[in-house]
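S.K.: This is the structure I have questions about; it appears just below.
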Amino acid sequence: SIVSNGVVTKKSYSNIALIKYWGKRKNKIQIPMNSSISYSLEEVYTVTKLIYSLRERKKKRSIKIFFSGKEKTNFLPKIFEFFHRISFYCSYLRYFNFVIKTDNTFPHSSGIASSASSMSALALCIMEIEKKLDSSLKEAFFLKKASFLARLGSGSACRSIYPGLVVWGKHKSIKGSNNLYSIPYPYKIHPIFKKIWDTILVIDEEPKKILSSKGHQLMNHHPYAKERLKFANRNMDQLISILKIGDFPKFGELIEHESLNLHAMIMTSNPYFLWMRPNTLHVLHKVWDFRKQSKKNIYFTLDAGANVHLLYPIQEKKVIIRWIYSELIYYCKKIIESFCQ
Ligand code: PMV
(Lines give C-alpha, C1' and ligand atoms only; values in the text may rest on other atoms or scores of the structure.)
Protein backbone atom coordinates (compact mmCIF):
# COMPACT_ATOMS: atom_id res chain seq x y z
CA SER A 1 0.00 0.00 0.00
CA ILE A 2 0.94 3.66 -0.16
CA VAL A 3 3.46 5.05 2.28
CA SER A 4 2.87 8.71 3.03
CA ASN A 5 2.93 11.34 5.76
CA GLY A 6 0.37 11.23 8.51
CA VAL A 7 -0.70 11.65 12.12
CA VAL A 8 -2.08 9.13 14.61
CA THR A 9 -3.32 9.77 18.15
CA LYS A 10 -3.76 7.19 20.91
CA LYS A 11 -4.61 7.12 24.58
CA SER A 12 -3.28 4.63 27.10
CA TYR A 13 -3.68 4.06 30.82
CA SER A 14 -1.32 3.73 33.70
CA ASN A 15 -1.71 0.54 35.70
CA ILE A 16 -1.21 -0.59 39.27
CA ALA A 17 0.19 -4.07 39.80
CA LEU A 18 -1.39 -6.34 42.43
CA ILE A 19 1.31 -8.95 41.93
CA LYS A 20 4.48 -7.16 40.94
CA TYR A 21 6.81 -7.72 38.04
CA TRP A 22 10.26 -7.64 39.63
CA GLY A 23 13.31 -9.08 37.91
CA LYS A 24 14.05 -10.08 34.34
CA ARG A 25 15.37 -13.36 32.98
CA LYS A 26 19.10 -13.24 32.32
CA ASN A 27 20.28 -12.77 28.73
CA LYS A 28 16.75 -12.12 27.46
CA ILE A 29 15.14 -8.90 26.36
CA GLN A 30 12.39 -7.87 28.73
CA ILE A 31 11.29 -11.33 29.80
CA PRO A 32 9.93 -11.31 33.36
CA MET A 33 11.09 -13.65 36.13
CA ASN A 34 7.50 -14.02 37.34
CA SER A 35 4.00 -13.34 36.09
CA SER A 36 2.28 -10.16 37.21
CA ILE A 37 -1.27 -8.83 37.23
CA SER A 38 -2.56 -5.25 37.32
CA TYR A 39 -5.60 -3.04 37.13
CA SER A 40 -5.62 -0.36 34.46
CA LEU A 41 -6.42 3.06 35.88
CA GLU A 42 -9.18 4.81 33.99
CA GLU A 43 -8.40 8.39 35.04
CA VAL A 44 -4.63 8.15 34.88
CA TYR A 45 -3.62 8.16 31.26
CA THR A 46 -1.37 9.52 28.52
CA VAL A 47 -2.46 10.84 25.13
CA THR A 48 0.19 10.61 22.45
CA LYS A 49 0.17 12.09 18.99
CA LEU A 50 2.67 10.58 16.59
CA ILE A 51 3.41 12.64 13.50
CA TYR A 52 5.29 10.74 10.83
CA SER A 53 6.78 12.12 7.65
CA LEU A 54 8.68 10.49 4.84
CA ARG A 55 12.38 10.55 5.38
CA GLU A 56 14.92 11.36 2.72
CA ARG A 57 17.01 8.35 1.84
CA LYS A 58 20.50 8.20 3.33
CA LYS A 59 19.73 10.97 5.81
CA LYS A 60 19.80 10.17 9.51
CA ARG A 61 16.45 9.52 11.11
CA SER A 62 15.10 12.41 13.16
CA ILE A 63 12.86 12.00 16.21
CA LYS A 64 11.56 14.88 18.30
CA ILE A 65 9.62 14.63 21.52
CA PHE A 66 7.34 17.21 23.09
CA PHE A 67 5.96 16.71 26.54
CA SER A 68 3.12 19.06 27.55
CA GLY A 69 4.21 21.32 24.70
CA LYS A 70 7.89 21.44 25.70
CA GLU A 71 10.60 19.74 23.73
CA LYS A 72 12.35 17.05 25.80
CA THR A 73 15.73 15.94 24.51
CA ASN A 74 16.45 13.92 27.68
CA PHE A 75 13.81 11.35 26.66
CA LEU A 76 15.53 10.74 23.33
CA PRO A 77 17.99 7.97 24.30
CA LYS A 78 15.16 5.82 25.68
CA ILE A 79 13.05 6.44 22.56
CA PHE A 80 15.90 5.70 20.13
CA GLU A 81 16.63 2.49 22.04
CA PHE A 82 12.94 1.59 21.81
CA PHE A 83 12.78 2.22 18.04
CA HIS A 84 15.96 0.22 17.62
CA ARG A 85 14.51 -2.74 19.57
CA ILE A 86 11.26 -2.82 17.63
CA SER A 87 12.71 -2.11 14.17
CA PHE A 88 12.92 -5.84 13.43
CA TYR A 89 9.17 -6.21 14.00
CA CYS A 90 8.15 -2.91 12.37
CA SER A 91 10.43 -2.52 9.37
CA TYR A 92 8.17 0.20 7.89
CA LEU A 93 9.38 2.60 10.60
CA ARG A 94 12.58 3.13 8.62
CA TYR A 95 10.70 5.22 6.06
CA PHE A 96 9.83 7.96 8.51
CA ASN A 97 10.94 10.79 10.71
CA PHE A 98 8.85 11.25 13.84
CA VAL A 99 7.52 13.95 16.09
CA ILE A 100 6.01 12.62 19.31
CA LYS A 101 3.66 14.88 21.26
CA THR A 102 2.53 13.55 24.56
CA ASP A 103 0.39 14.72 27.49
CA ASN A 104 -0.57 13.12 30.78
CA THR A 105 -3.72 13.58 32.86
CA PHE A 106 -1.56 13.29 35.93
CA PRO A 107 1.24 15.62 37.01
CA HIS A 108 4.62 14.70 35.56
CA SER A 109 6.39 15.34 38.82
CA SER A 110 4.09 13.16 40.88
CA GLY A 111 6.27 10.09 41.10
CA ILE A 112 3.49 8.22 39.32
CA ALA A 113 5.30 6.14 36.75
CA SER A 114 4.45 7.53 33.34
CA SER A 115 6.52 4.95 31.50
CA ALA A 116 3.66 2.41 31.40
CA SER A 117 1.08 4.78 29.94
CA SER A 118 3.50 6.60 27.63
CA MET A 119 5.28 3.54 26.19
CA SER A 120 1.96 1.78 25.63
CA ALA A 121 0.43 4.88 24.01
CA LEU A 122 3.44 5.07 21.68
CA ALA A 123 3.17 1.36 20.86
CA LEU A 124 -0.52 1.82 20.02
CA CYS A 125 0.38 4.76 17.74
CA ILE A 126 2.91 2.61 15.91
CA MET A 127 0.32 -0.14 15.43
CA GLU A 128 -2.07 2.49 14.08
CA ILE A 129 0.52 3.28 11.39
CA GLU A 130 0.89 -0.43 10.68
CA LYS A 131 -2.89 -0.68 10.30
CA LYS A 132 -2.84 2.13 7.75
CA LEU A 133 -0.23 0.24 5.75
CA ASP A 134 -2.02 -3.10 6.09
CA SER A 135 -5.79 -2.75 6.00
CA SER A 136 -6.32 -6.49 6.59
CA LEU A 137 -4.82 -6.24 10.07
CA LYS A 138 -7.20 -7.71 12.68
CA GLU A 139 -8.10 -6.03 15.99
CA ALA A 140 -6.92 -8.94 18.17
CA PHE A 141 -3.54 -8.95 16.42
CA PHE A 142 -3.37 -5.15 16.72
CA LEU A 143 -3.66 -5.34 20.52
CA LYS A 144 -1.37 -8.35 20.92
CA LYS A 145 1.37 -6.74 18.91
CA ALA A 146 0.87 -3.37 20.61
CA SER A 147 1.40 -5.16 23.94
CA PHE A 148 4.44 -6.98 22.55
CA LEU A 149 5.97 -3.66 21.40
CA ALA A 150 5.08 -1.84 24.61
CA ARG A 151 6.88 -4.57 26.56
CA LEU A 152 10.07 -3.77 24.69
CA GLY A 153 9.73 -0.14 25.82
CA SER A 154 8.96 -0.83 29.47
CA GLY A 155 7.91 -4.20 30.88
CA SER A 156 4.90 -3.07 32.87
CA ALA A 157 3.68 -1.01 29.87
CA CYS A 158 2.57 -4.17 28.09
CA ARG A 159 -0.23 -4.55 30.66
CA SER A 160 -1.62 -1.08 29.87
CA ILE A 161 -3.02 -2.15 26.49
CA TYR A 162 -6.21 -3.61 27.99
CA PRO A 163 -8.69 -2.26 30.53
CA GLY A 164 -9.47 -4.18 33.71
CA LEU A 165 -7.31 -6.94 35.15
CA VAL A 166 -4.38 -7.80 32.91
CA VAL A 167 -1.81 -10.58 33.20
CA TRP A 168 1.72 -10.63 31.86
CA GLY A 169 4.10 -13.56 32.21
CA LYS A 170 3.61 -17.29 31.96
CA HIS A 171 1.77 -18.80 34.88
CA LYS A 172 0.80 -22.47 34.95
CA SER A 173 -2.81 -21.87 36.03
CA ILE A 174 -3.59 -18.94 33.73
CA LYS A 175 -4.55 -20.09 30.28
CA GLY A 176 -2.89 -18.14 27.47
CA SER A 177 -0.54 -16.27 29.78
CA ASN A 178 2.89 -15.75 28.27
CA ASN A 179 6.09 -13.76 28.57
CA LEU A 180 5.91 -11.86 25.28
CA TYR A 181 2.69 -9.87 25.70
CA SER A 182 -0.12 -9.38 28.16
CA ILE A 183 -3.63 -10.85 28.09
CA PRO A 184 -6.87 -9.73 29.73
CA TYR A 185 -7.49 -11.85 32.85
CA PRO A 186 -9.26 -14.83 31.24
CA TYR A 187 -11.54 -16.03 34.06
CA LYS A 188 -14.80 -14.88 35.55
CA ILE A 189 -14.32 -12.63 38.57
CA HIS A 190 -16.62 -11.84 41.49
CA PRO A 191 -18.59 -8.57 40.90
CA ILE A 192 -16.87 -6.86 43.85
CA PHE A 193 -13.63 -6.79 41.80
CA LYS A 194 -15.30 -4.92 38.96
CA LYS A 195 -15.88 -1.83 41.08
CA ILE A 196 -12.65 -0.96 42.81
CA TRP A 197 -11.47 2.57 43.50
CA ASP A 198 -7.83 3.63 43.78
CA THR A 199 -6.82 6.73 45.74
CA ILE A 200 -3.19 7.47 45.04
CA LEU A 201 -1.40 9.39 47.76
CA VAL A 202 1.54 11.23 46.26
CA ILE A 203 3.99 11.38 49.13
CA ASP A 204 7.16 12.19 47.24
CA GLU A 205 7.22 14.11 43.99
CA GLU A 206 10.93 13.70 43.45
CA PRO A 207 11.92 11.55 40.49
CA LYS A 208 12.93 8.09 41.65
CA LYS A 209 16.51 7.89 42.87
CA ILE A 210 16.83 4.39 41.56
CA LEU A 211 15.34 3.49 38.21
CA SER A 212 13.24 0.36 37.93
CA SER A 213 15.60 -0.96 35.23
CA LYS A 214 18.40 -0.89 37.82
CA GLY A 215 16.15 -2.53 40.39
CA HIS A 216 15.28 -5.42 38.04
CA GLN A 217 18.99 -6.01 37.46
CA LEU A 218 19.62 -6.28 41.18
CA MET A 219 17.36 -9.34 41.28
CA ASN A 220 19.92 -11.28 39.25
CA HIS A 221 22.32 -11.60 42.16
CA HIS A 222 19.80 -11.23 44.93
CA PRO A 223 20.24 -13.70 47.82
CA TYR A 224 16.43 -14.05 48.17
CA ALA A 225 15.54 -14.13 44.47
CA LYS A 226 14.47 -17.77 44.51
CA GLU A 227 12.17 -17.25 47.48
CA ARG A 228 10.73 -14.12 45.87
CA LEU A 229 9.84 -16.15 42.79
CA LYS A 230 8.10 -18.82 44.82
CA PHE A 231 6.25 -16.16 46.81
CA ALA A 232 5.03 -14.33 43.69
CA ASN A 233 3.85 -17.57 42.08
CA ARG A 234 2.04 -18.63 45.23
CA ASN A 235 0.42 -15.21 45.48
CA MET A 236 -0.80 -15.52 41.91
CA ASP A 237 -2.42 -18.88 42.68
CA GLN A 238 -4.08 -17.46 45.77
CA LEU A 239 -5.28 -14.39 43.90
CA ILE A 240 -6.94 -16.55 41.24
CA SER A 241 -9.14 -18.22 43.83
CA ILE A 242 -9.78 -14.95 45.72
CA LEU A 243 -10.94 -13.23 42.50
CA LYS A 244 -13.42 -16.04 41.96
CA ILE A 245 -14.77 -16.19 45.52
CA GLY A 246 -14.83 -12.44 46.16
CA ASP A 247 -13.14 -12.37 49.54
CA PHE A 248 -12.03 -8.72 49.78
CA PRO A 249 -10.13 -8.90 53.09
CA LYS A 250 -8.11 -11.83 51.73
CA PHE A 251 -7.49 -9.83 48.55
CA GLY A 252 -6.35 -6.82 50.58
CA GLU A 253 -4.00 -8.79 52.79
CA LEU A 254 -2.49 -10.42 49.75
CA ILE A 255 -1.73 -7.15 47.94
CA GLU A 256 -0.30 -5.55 51.08
CA HIS A 257 1.92 -8.55 51.70
CA GLU A 258 3.01 -8.60 48.06
CA SER A 259 3.94 -4.91 47.97
CA LEU A 260 5.89 -5.12 51.22
CA ASN A 261 7.71 -8.11 49.76
CA LEU A 262 8.71 -5.97 46.76
CA HIS A 263 10.07 -3.33 49.13
CA ALA A 264 11.89 -6.01 51.14
CA MET A 265 13.63 -7.05 47.92
CA ILE A 266 15.05 -3.60 47.24
CA MET A 267 16.00 -3.10 50.92
CA THR A 268 18.03 -6.31 50.86
CA SER A 269 19.66 -5.96 47.47
CA ASN A 270 23.28 -4.96 46.98
CA PRO A 271 23.44 -1.97 46.75
CA TYR A 272 20.37 -1.47 48.98
CA PHE A 273 17.65 1.20 48.76
CA LEU A 274 14.71 2.35 50.81
CA TRP A 275 11.80 3.70 48.79
CA MET A 276 9.53 4.57 51.72
CA ARG A 277 9.51 7.99 53.31
CA PRO A 278 8.44 8.74 56.89
CA ASN A 279 5.03 9.80 55.57
CA THR A 280 4.63 6.47 53.79
CA LEU A 281 4.92 4.74 57.16
CA HIS A 282 2.53 7.19 58.81
CA VAL A 283 -0.05 6.40 56.15
CA LEU A 284 0.35 2.62 56.38
CA HIS A 285 -0.13 2.64 60.15
CA LYS A 286 -3.10 5.01 59.88
CA VAL A 287 -4.70 2.66 57.36
CA TRP A 288 -4.20 -0.34 59.63
CA ASP A 289 -5.63 1.51 62.64
CA PHE A 290 -8.63 2.81 60.70
CA ARG A 291 -9.35 -0.61 59.26
CA LYS A 292 -9.28 -2.25 62.66
CA GLN A 293 -11.59 0.29 64.21
CA SER A 294 -14.00 0.89 61.28
CA LYS A 295 -14.02 -2.60 59.72
CA LYS A 296 -13.86 -0.88 56.31
CA ASN A 297 -12.27 -2.65 53.36
CA ILE A 298 -9.33 -0.36 52.67
CA TYR A 299 -5.96 -1.84 51.75
CA PHE A 300 -2.75 -0.49 50.27
CA THR A 301 -0.29 -1.43 47.62
CA LEU A 302 3.04 0.23 46.82
CA ASP A 303 5.06 0.58 43.66
CA ALA A 304 8.77 1.18 43.33
CA GLY A 305 8.59 4.41 45.33
CA ALA A 306 7.20 6.24 48.34
CA ASN A 307 3.64 6.72 47.08
CA VAL A 308 0.71 4.72 48.39
CA HIS A 309 -2.23 3.33 46.40
CA LEU A 310 -5.33 2.75 48.52
CA LEU A 311 -7.73 0.23 47.04
CA TYR A 312 -11.31 -0.27 48.20
CA PRO A 313 -14.74 -1.29 46.86
CA ILE A 314 -16.76 1.59 45.43
CA GLN A 315 -19.68 0.70 47.71
CA GLU A 316 -17.57 1.88 50.65
CA LYS A 317 -16.17 4.96 48.93
CA LYS A 318 -18.24 7.63 50.69
CA VAL A 319 -17.03 6.86 54.20
CA ILE A 320 -13.50 5.97 53.18
CA ILE A 321 -12.92 9.08 51.06
CA ARG A 322 -14.14 11.30 53.89
CA TRP A 323 -11.65 9.62 56.20
CA ILE A 324 -8.78 9.92 53.69
CA TYR A 325 -9.33 13.63 53.15
CA SER A 326 -9.59 14.34 56.85
CA GLU A 327 -6.81 12.11 58.18
CA LEU A 328 -4.26 11.43 55.45
CA ILE A 329 -4.13 14.71 53.57
CA TYR A 330 -1.33 16.03 55.82
CA TYR A 331 1.03 13.30 54.74
CA CYS A 332 0.81 13.84 51.00
CA LYS A 333 1.66 16.42 48.40
CA LYS A 334 -1.18 15.48 46.05
CA ILE A 335 -4.01 13.01 45.75
CA ILE A 336 -4.95 11.37 42.47
CA GLU A 337 -8.07 9.26 42.14
CA SER A 338 -9.10 6.67 39.64
CA PHE A 339 -11.55 3.92 38.95
CA CYS A 340 -9.87 0.54 38.40
CA GLN A 341 -11.65 -0.18 35.19
O1 PMV B 1 8.04 -1.58 33.81
P2 PMV B 1 9.18 -1.28 34.71
O3 PMV B 1 10.48 -1.81 34.21
O4 PMV B 1 9.24 0.21 35.04
O5 PMV B 1 8.94 -2.06 36.10
C6 PMV B 1 7.85 -1.79 36.94
C7 PMV B 1 7.96 -2.55 38.20
C8 PMV B 1 6.88 -2.29 39.24
O9 PMV B 1 6.16 -1.10 38.96
C10 PMV B 1 7.55 -2.09 40.59
C11 PMV B 1 5.92 -3.46 39.37
C12 PMV B 1 4.92 -3.65 38.28
O13 PMV B 1 4.63 -4.80 37.98
O14 PMV B 1 4.39 -2.66 37.75
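The values are calculated or read from the model by the stated rules, or taken from the named source; none is laboratory data. Since we're looking at a predicted model, the values are computed, not measured. Note that we place each Cβ from the backbone using ideal geometry, even for glycine, and neighbour counts take in every protein chain shown.
S.K.: Against the condition among the β-branched types (V, I, T), out of contact with any Lys or Arg (no Cβ under 7 Å at 6 or more places or on another chain) and either outside any loop (DSSP other than H, G, I, E, B) or assigned by TED's automatic domain parsing to the domain that holds P271 (or both), how does I174 come out, does it pass? Even if it seems obvious, please write down each step before you answer.
M.R.: Numbers: among the β-branched types (V, I, T): yes; out of contact with any Lys or Arg (no Cβ under 7 Å at 6 or more places or on another chain): yes; either outside any loop (DSSP other than H, G, I, E, B) or assigned by TED's automatic domain parsing to the domain that holds P271 (or both): no.
It is false that I174 is among the β-branched types (V, I, T), out of contact with any Lys or Arg (no Cβ under 7 Å at 6 or more places or on another chain) and either outside any loop (DSSP other than H, G, I, E, B) or assigned by TED's automatic domain parsing to the domain that holds P271 (or both).
S.K.: Can you tell me which residue in region 220-238 is farthest from the ligand (Cβ to nearest atom), limited to those that are closer than 17 Å to L302 by Cβ and of a type in the set (A, V, I, L, M, F, W, C)?
M.R.: Step one: of region 220-238, the residues closer than 17 Å to L302 by Cβ are 228, 231-232, 235.
This time we only want the ones that are of a type in the set (A, V, I, L, M, F, W, C), so: 231-232.
Numbers: F231: 14, A232: 10 Å.
Going through the qualifying residues, I end up with F231.
S.K.: Limited to region 150-166, what total is found for residues that are closer than 26 Å to H84 by Cα, within 14 Å of the ligand (Cβ to nearest atom) and not small (G, A, S)? Spell out the reasoning first.
M.R.: First, pick out the residues of region 150-166 that are closer than 26 Å to H84 by Cα: 150-162.
In the following step, the residues that additionally are within 14 Å of the ligand (Cβ to nearest atom) were identified as 150-161.
With the extra rule that they be not small (G, A, S), the set shrinks to 151-152, 158-159, 161.
Going through region 150-166 one residue at a time, the tally reaches 5.
S.K.: Taking region 183-200, which residues are within 16 Å of the ligand (Cβ to nearest atom), under 19 Å from D303 (Cα atoms) and either outside any strand (DSSP E or B) or in contact with a helix residue (DSSP H, G or I) (Cβ under 9 Å, 6 or more places away or on another chain) (or both)?
M.R.: I200
S.K.: Look at K11 and say whether it is among the charged types (D, E, K, R) and either out of contact with any helix residue (DSSP H, G or I) (no Cβ under 9 Å at 6 or more places or on another chain) or within 16 Å of the ligand (Cβ to nearest atom) (or both). Break it down into steps so the answer makes sense when it comes.
M.R.: Numbers: among the charged types (D, E, K, R): yes; either out of contact with any helix residue (DSSP H, G or I) (no Cβ under 9 Å at 6 or more places or on another chain) or within 16 Å of the ligand (Cβ to nearest atom) (or both): no.
Judged against the criteria, K11 is not a match.
S.K.: If you don't mind, there's one more thing I want to ask. Name the pairs: first residue in region 319-341 and part of a helix (DSSP H, G or I), second residue of a type in the set (S, T, N, Q) and buried (at least 17 other Cβ atoms within 10 Å of the Cβ), Cβ to Cβ under 7 Å, at least 6 apart or on different chains?
M.R.: The qualifying pairs are I324/T199; Y331/N279.
S.K.: Assess whether V47 counts as being touching a residue at least 40 places away in the same chain (Cβ under 8 Å), in a strand (DSSP E or B) and more than 14 Å from the ligand (Cβ to nearest atom). Can you show your working first?
M.R.: On the way: touching a residue at least 40 places away in the same chain (Cβ under 8 Å): yes; in a strand (DSSP E or B): yes; more than 14 Å from the ligand (Cβ to nearest atom): yes.
For V47, the condition - touching a residue at least 40 places away in the same chain (Cβ under 8 Å), in a strand (DSSP E or B) and more than 14 Å from the ligand (Cβ to nearest atom) - is met.
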